[in-house]
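Beneath this line is the structure, given in structure tokens, with notes to follow.
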Amino acid sequence: MTAIEPIRTDVDHSYKNKKYSSTIRLWHWLNAVVISGSLLTVLLDATLFDKRPNAALIKTELKGAGAAITDSQARAAAHALNDKVWDIHVYFGYTLAGLLLFRLILEFFQLADQKFIRKIKSAYHQYFIIKKNRELARHEFWVKTLYAVFYLMLLTMVVTGLCLAFEDDVPWLKSIHAFREIHSFTMYLVIGFIIVHLAGVFLAERKDDKGIVSDMINGGRH
């Protein structure tokens, strides 16, 4: 018996699988690795490399080994360990900035039916103007809108992160404390998006839109 394979469609091409270019797939997985690494450094900073408990630990261990150390010296040592973590975080930030720039440039070279702007315009047109296949069009529009918000969050993270990275070299940047607050707040929004994204993929794979993960690995097929 011939196996019937599930066909996942979109608004533009109801008769064919979605297609992702190799560059988009590369960007997607590199972006996932970099964002995960960046968030991991934040987690490590808040736990294993927290300066206050580490300073107390350093002082206790050195005292037990017979070395005399002051509180300020212990804090300096703990701060140095913490700086190493943030150095890695900054490198991840630079890489994320490069990937975002790559994605923006890539948009101009994508095939017409793979351009993100074209997809979101088409989804809007299908849902609000043509009003055909409303359920599919609504899903497509809101998914694309969510991704547009994600790109905006990435842009905010990159801009504020670069401002923080260069605040020692550019005096007026150091005086704007809002950069750090916006950067931290956007980080939580990105975490929220990741949770929603993973949940959406999991639910879609269990329902009608099977093959999303494999499509992002092998590109899908027409």
Among the candidates Leu146, Leu111, single out the residue that is touching a Gly at 6+ places or on another chain (Cβ under 9 Å) and either assigned by TED's automatic domain parsing to the domain that holds Asp50 or of a type outside the set (D, E, K, R) (or both).
Leu146
Given the criteria farther than 24 Å from Asp45 by Cβ and either in contact (Cβ under 8 Å) with a residue 24 or more places away in the chain or in contact with a strand residue (DSSP E or B) (Cβ under 8 Å, 6 or more places away or on another chain) (or both), does Ile191 qualify?
no
In segment 186-209, which residues are out of contact with any helix residue (DSSP H, G or I) (no Cβ under 6 Å at 6 or more places or on another chain) and either closer than 20 Å to Asn31 by Cβ or not assigned by TED's automatic domain parsing to the domain that holds Met153 (or both)?
Met187, Tyr188, Ile191, Gly192, Ile194, Ile195, Val196, His197, Leu198, Ala199, Gly200, Phe202
I need the full set of residues from segment 16-50 which are assigned to a helix (DSSP H, G or I), in contact (Cβ under 8 Å) with a residue 12 or more places away in the chain and closer than 18 Å to Leu106 by Cβ, in order please.
Ser22, Thr23, Ile24, Arg25, Trp27, His28, Trp29, Leu30, Asn31, Val34, Ile35
Does Tyr188 count as among the hydroxyl-bearing types (Ser, Thr, Tyr) and over 26 Å from Phe92 (Cβ atoms)?
no
So which of Lys174, Lys119 is of a type in the set (D, E, K, R) and within 24 Å of the chain's Cα centre (by Cα)?
Lys119
Free of Cβ contacts under 8 Å to residues at least 12 places away in the same chain, within 28 Å of Ser38 (Cα to Cα) and of a type in the set (Asp, Glu): which single residue out of Glu135, Glu167, Glu205 fits that description?
Glu205
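The values are calculated or read from the model by the stated rules, or taken from the named source; none is laboratory data. Please read all numbers here as calculations on a predicted model, not as lab measurements. Note: ideal-geometry Cβ built from the backbone for every residue, glycine included; neighbour counts use all protein chains shown.
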